[in-house]
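The values are calculated or read from the model by the stated rules, or taken from the named source; none is laboratory data. Bear in mind the structure is a predicted one, so any value in this text is a computation, not a measurement. Cβ: placed from backbone, ideal geometry, glycine included. Neighbour counts: every protein chain shown. Accessible surface areas use protein heavy atoms only, side chains included; no ligands, DNA or RNA. Shrake-Rupley method; radii C 1.70, N 1.55, O 1.52, S 1.80 Å.
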Amino acid sequence: MADLLTRSHPLEPYLTALDALPDGLRVTAEPFVALAGLRVDPASGVQLRGAALPTTPNTWVPAGDGRLVWLGPDEWLVTSPGTAPEALEAEVAGVLRPVGGVAVDVSAQRIGLRISGPRARQVLAKGCAIDLHPRVFVPGSSAQTTLGQAGVVLLALDGRDDDAEFAVLVRSSFAGYLATWLLDACLEYADSAPTS
Amino acid sequence: MSAPFRTPEGGRIDRSTTLEFTFDGQTHTGHPGDTLASALLAAGRHSIATSVKLGRPRGVAAAWAEDPGSLVQIEEPFPEPMLLATTVELYDGLVAHGLPGQGRLAEVPDSARYDAVHHHVDVLVVGAGPAGLVAALTAARAGARVALVDEQAEAGGALLGTDDVLDGAPAPEWVAAAVAELAAHPDVLHLQRTTAFGLYDDGFVLALERRTDHLGTAAPRNVSRQRVWRIRARRVVVAAGAHERPVVFADNDRPGIMLAGGARTFLHRYGVLPGREAVLFTTNDSAYDAALDLHRAGVRVQAVVDARPEGSPQRRQDCERAGIRVLSGAVVTGTQGVERVTHALVAPLAAGEVGASSAIGCDLLLVSGGWNPAVHLFSQARGRLRYDEALGAFLPAEELDGVAVAGSAAGVLDLAGCLADGRRVADAALAALGLAAGEQSALPAVEATPAGSAPMTLWRVPDGGDGSTSFVDLQRDATVADLARATGAGLRSMEHVKRYTTIGTAHDQGKTSGVLASGITAELLGVPVQATGTTTFRPPYTPVAFAALAGRDRGRLFDPERVTAVHDWHVAEGAVFEDVGQWKRPRYYPRPGEDMDAAVLRECAATRGGVGILDGSTLGKIDVQGPDAAEFLDRLYTNMISSLKVGSVRYGVMCGVDGMVIDDGTVLRLAEDRFLVLTTTGGAAKVLDWMEEWLQTEWPQLRVRLASVTEQWSTFPVVGPRSRDVVGAVFPDVDVSNEAFPFMTWRDTALGGVPVRLARISFSGELAYEVYVNSWYARAVWERLIEAGRPHGITPYGTETMHVLRAEKGYPIIGQDTDGTVTPHDLGMAWAVSKKKPDFIGKRSFARPANSDPLRKQLVGLLPVDRDTVLPEGSQIVELADGGQLPPPPVPMLGHVTSSYRSAELGRPFALALVKGGRSRIGETVHVPVDGTLVPVEVTGSVLVDPEGARRDG
């Protein structure tokens, strides 16, 4: 069986509608990104993909072609758009195993969304209780929070007042809910009332 | 219709636009800027509603939310009950009518949108009156993040209803400049039509913004009608103003009787004369302004009745210059009129004795008994209140961390004082936040309030009778007589008095009646008012619609719908879905003309006879890693996990500390130090939490790491005698023979370079392979399996067929066949309880004598003797007495039916049940009442299909 399996993205059914959102907000699905959850003693001092594990709570740092996201005192998420899921787990496990850490492939556990534009903060504030002010949730910040009723990992990418950009990681099974929630949240920005 | 009581000019209304509305079937007109109340008053209509118990006419008694009288029902554009005409902004096409104390909910769904927004600030200011505006400006100029919320249509607060002059210009000009300055600050959120209705711990404030109510039928449908702001503020400044307090006297509820400040607001803000001939009854200086302003506007002020023995010498002069008669040391003892007050009965008051009364004709009776600071939010935050003798009112008695009160809400009742207080409180908030004050301009200059005479505290005028028409709470028709009855019955606490009399429990929550009730109760008991205190102020400050609280969590967004990676395939195949927790799972796949029974019988037969496939991706999956992983699982499961070989699978049962089953599932040993634990769909989150709790709190020394991988791995059981052909065809690299790939083992393979794991696990008793793949590729792998299965007639089946197949084998569903009181032994799973392990969760409880009671409820099978009845799940099981009769009531219950289905394999219905001493009853006939008849059922073992297990290897 040499033929390749096609991948399917949970947000596929929503892409057209998300693409047609009114001005001020762009919501796009991130392509398939390999994710590995890792648990290791923060004192181990390991470097991953050229970066030290961030130890400041609720932050992320760039690492290789992806990011290292702080999730807890001994827990991180490593992302890589350019690595195969099982290869990422093997690579990270190879680094962590000698210091008693573990890695788990969670690539399909969550999907990523990009939310950006002048209205991005406003829309997120409709369902996210944390303070997203540009002086508070600065680029490099992350949070494990809820958006609507979906648990998410929220990353601040670009903090510009007029064009903020966020990445949202959400459990794959909640992706449709979150897309529906976002589309609904943006109804008020439509020029004319939708026909109901 | 005309508006004969509209002044020729003035007021903050747009006279160039005329709005038409209907009240009680009559058409009226008004202008933008009007409320329903002001437009009705302009038309000369005071009588709005009738009272809830007595049916007495009631009118507009105040100008805003403290009004206890003008209860209306909106009919158009959408029915909404129990609103106040004083807070309904007028719009074209409004249809409303007065209410007899209670309204009517709409019978059609509300199509308006509601939403919520979170907001964070350094300083939240509640109230955009003089104190609030100064506080907000002060904080904004210091660079603080500020929110200013105010419940009225425009900022200004009390300034909207007076003719005050600030910095030499009319107050609205100063207000407009302040609003403009706030708008220029990027970090200021200024919301009008927004009521802060609840103040909670840590500066959390809920505020309701009425975004489109005032637009009526022109409201855009895609914009939320109301929005709940969830504001988190480091400091809260409550500048909510004060409510004028009435004085209680006989027949004080007639239309045309109004708080003095309210009348002044109707004049200045709305350009409305609330009457032609007025009497003012006051206990303080502030109300004189209302009489003088109305006089200047052309109202004939018949008399000012001042309860104070000396009255107010200063204000008397003002009145005399205007030709207004002032009666000092006098009170209003009663009124005449039905639909509208016609006379005030006035009598001298000396040394607490009321003299003979005489009637003074009037169509407007203004009342002022002083001011009650709006301490609601402060009190909600658990701030203590104290009674202030001089003001006759309750004031904040302490500083709360993070909550400050400013202006008239703090008992400062003059304009200059309010402005200064706003600055003072904001400065303190900034200091607490460590923010420098920044560049502040001087406070606006205002005319000094002339030195006046002290107010007098007068709760009620004795009516010479039983007080049964002296209304304390107009909304509840509760009177002084009711208070006397309460104290007569021995009640002393205001909380008890409130509940006995219902005073303060109506939809205004006692804004005018609460303090009066405290004062009168104190008098009746002969104790100081401080001793009675107030009742507890609780949110919401004004009523909030449930729809607003629900916000967008309605319909599809009520609860997240979780779907698997193959969901769209199921939809396309016409699956009927079932809610399993938050998951949408295919329940069955009906073919044209099939009902559920027919579809499930077909799916069952096809699976047992050929091959079926299930989307089992919702099963909980937990990755367990670490050197102590095997030891950890040994402690969690009742059976031994550490002896499991890498490459093998074991079924395990998990119990709580009480020895009762909480979850079950299979465990795959992936490596010496790594396992994949499968949980039930509903138990996934709970089991992970349970594991983490033990790991973190009891066994932190174990080197184990857990991770949820539920959505990482899609899982498809391929089930039935032909499953080997299908799986073998899709994964040719795997030897799927029984010898090479035995039951309860797993093998890794790949498809198109993508890793796939296969496991010989069966939840049906049939030969079966579970296929695990990264969910990115789930849809592709599923379709390969369907394609490869086509020659074998592969049949997708849903949860209903899964349930039937497992029940036929006696496999319990935790949570359906168990209820938290069932042990593994009760389920016939003593084999899954290790006798070798030194300990595991629940082990000690198995030693309890009750656990070995032979009469415990045990899981058994039931076969209805008529081979036809499907026993309703939950049915009770009873035993007939000798003679075939039911024993006398109460009929002892032997147990209940936990699962019940039609079986294609058995050709008859069957059930699982928990039955007392069930296993010892096998072969007996017991009875199940169904729709009034007793259905005889045979008790059997729980395994009804293939008890020898001959099918699992194909």
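For region B:550-661, how big is the tail of P(r) above 16 Å, as a whole percent of Cα pairs? That tail contains 74 percent of the Cα-Cα pairs. Across the alpha-carbon set of chain A, the Rg to Rh ratio works out to 1.00, Rh being the Kirkwood radius.
Diffusion of region B:291-364 by Stokes-Einstein, at 20 °C in a medium of 1.002 mPa s and with Rh set to the Kirkwood radius over alpha-carbon pairs, works out to 166 µm²/s. Taking every alpha-carbon pair under 8 Å whose residues sit at least 6 apart, chain A reaches a relative contact order of 23 percent. The share of C-alpha pairs in region B:802-876 whose separation exceeds 18 Å stands at 51 percent.
What are the semi-axes of the equivalent ellipsoid of region B:476-615, taken as the square roots of 5 times the eigenvalues of the Cα gyration tensor, listed largest first and rounded to whole Å? Please report the intermediate quantities before stating the final value.
On the way: eigenvalues 868, 51, 29 Å².
Listed largest to smallest, the semi-axes of region B:476-615 are 66, 16, 12 Å.
A P(r) calculated from all alpha carbon pairs of region B:191-265, with 5 Å bins opening at zero, reads 3, 12, 15, 13, 12, 14, 16, 10, 4, 1, 0 percent.
Counting only protein chain heavy atoms and rolling a 1.4 Å probe, the accessible areas of B:Lys809, B:Lys645 rank, largest first, as B:Lys645, B:Lys809. Return the long-range amide H neighbours of B:Val822 (sequence gap of 5 or more, or a different chain), with a cut-off of under 5 Å between placed amide H atoms. Residues meeting the criterion, in which the H sits 1.01 Å from N, are B:Val661.
For chain B, the longest principal axis of the C-alpha atoms and the axis of helix B:171-184 are separated by about 30°. Most simply put, chain B has about 75% antiparallel DSSP beta bridges, counting only bridges with both residues inside it.
Send over the Kirkwood Rh of the protein assembly as shown, from the inverse of the averaged 1/r over different Cα pairs, rounded to one decimal Å.
On the way: mean 1/r = 0.0288 Å⁻¹.
With all distinct Cα pairs of the protein assembly as shown included, I get 34.7 Å.
Phi angles across region B:292-302 convert, under the Karplus curve 6.51 cos²θ - 1.76 cosθ + 1.60 with θ = phi - 60°, into 3J(HN,Hα) values of 5, 5, 5, 4, 4, 7, x, 7, 7, 8, 6 Hz, Gly and Pro given as x. Calculated over chain B, the projected area of the Cα convex hull averaged across directions stands at 50.6 nm².
Around B:Arg254, under 12 Å between beta carbons, what's the net of Lys plus Arg minus Asp minus Glu among the other residues? Once all neighbours under 12 Å are counted, the net charge is -1.
For B:Gly510, the residues 5 or more places off, or on other chains, whose built amide H falls under 5 Å of its own are B:Gly504.
Just tell me how shielded A:129-141 is by partners: mean number of partner chain Cβ atoms within 10 Å of each residue's Cβ, no decimals. Before the final figure, lay out the partial values.
Values: counts 5, 3, 6, 3, 5, 0, 2, 2, 1, 0, 0, 0, 0.
If you average over the peptide's residues, the count of other-chain Cβ atoms is 2.
Taking the average, over residues, of other Cβ atoms within 10 Å as the packing measure, peptides A:108-116, B:259-267 rank B:259-267, A:108-116 from highest down. Using a probe of 1.4 Å, the accessible surface attributed to B:Glu523 totals some 90 Å² when neighbouring protein chains are kept in position.
Across the cross-link table entries B:Lys584/B:Lys686; B:Lys809/B:Lys837; B:Lys645/B:Lys836; B:Lys584/B:Lys843; B:Lys621/B:Lys836, which are compared at the Cα atoms, the separations over 25 Å belong to B:Lys809/B:Lys837; B:Lys584/B:Lys843; B:Lys621/B:Lys836.
Helix B:799-808 and the long axis of chain B differ in direction by around 50°, with both axes built from C-alpha atoms.
Calculated translational diffusion coefficient of region B:622-681 (10 °C, 1.306 mPa s; Stokes-Einstein with Kirkwood radius over alpha-carbon pairs) equals 139 µm²/s. A 1.4 Å probe run over the protein chains yields, for chain B, 38 Å² of accessible area per residue, whole-number rounding.
If a/c stays under 1.5 just call it rounded; otherwise compare a/b with b/c (prolate if a/b is bigger, oblate if not). Do that for region B:658-705, with a ≥ b ≥ c from the square roots of the Cα gyration tensor eigenvalues.
Working: a/c = 1.93, a/b = 1.08, b/c = 1.79.
Here region B:658-705 falls in the oblate category.
When the alpha carbon gyration tensor of region A:34-105 is reduced to an equivalent ellipsoid, the three semi-axes, largest first, read 16, 14, 10 Å.
Once you reduce region B:692-742 and region B:157-219 to the center of their Cα atoms, the two points are 61 Å from each other.
Computed from the mean reciprocal separation of all distinct C-alpha pairs, what Kirkwood hydrodynamic radius does region A:94-136 have, in Å?
Working: mean 1/r = 0.0714 Å⁻¹.
The Cα-based Kirkwood calculation yields 14.0 Å.
Computed from Cα positions, the angle between helix B:778-789 and the longest principal axis of chain B comes to roughly 40 degrees.
Nearest 100 Å² is fine: how much accessible area is buried between B and A, summed over both sides, with a 1.4 Å probe?
Numbers: alone 38490 and 10240 Å², together 43970 Å².
Separately minus together, B and A give about 4800 Å² buried.
For A:Glu91, the shell of other residues with beta-carbons less than 13 Å away shows a net charge of -2, using +1 for Lys and Arg and -1 for Asp and Glu. Over all pairs of different C-alpha atoms, region B:316-427 has a mean inverse distance whose reciprocal, the Kirkwood radius, equals 17.4 Å.
Under 5 Å between amide hydrogens, built in the peptide plane, is the criterion, and for A:Leu53 it picks out A:Leu48 among residues at least 5 positions away or on other chains.
Reported value for region B:155-296: 196 Å³ per residue, from the convex hull of its C-alpha atoms.
Return the tail of the calculated pair distribution for region B:616-740, meaning the percent of Cα-Cα pairs more than 16 Å apart. Write down the numbers at each step before the final one.
Values: 5004 of 7750 pairs.
So the portion of pairs separated by more than 16 Å is 65 percent.
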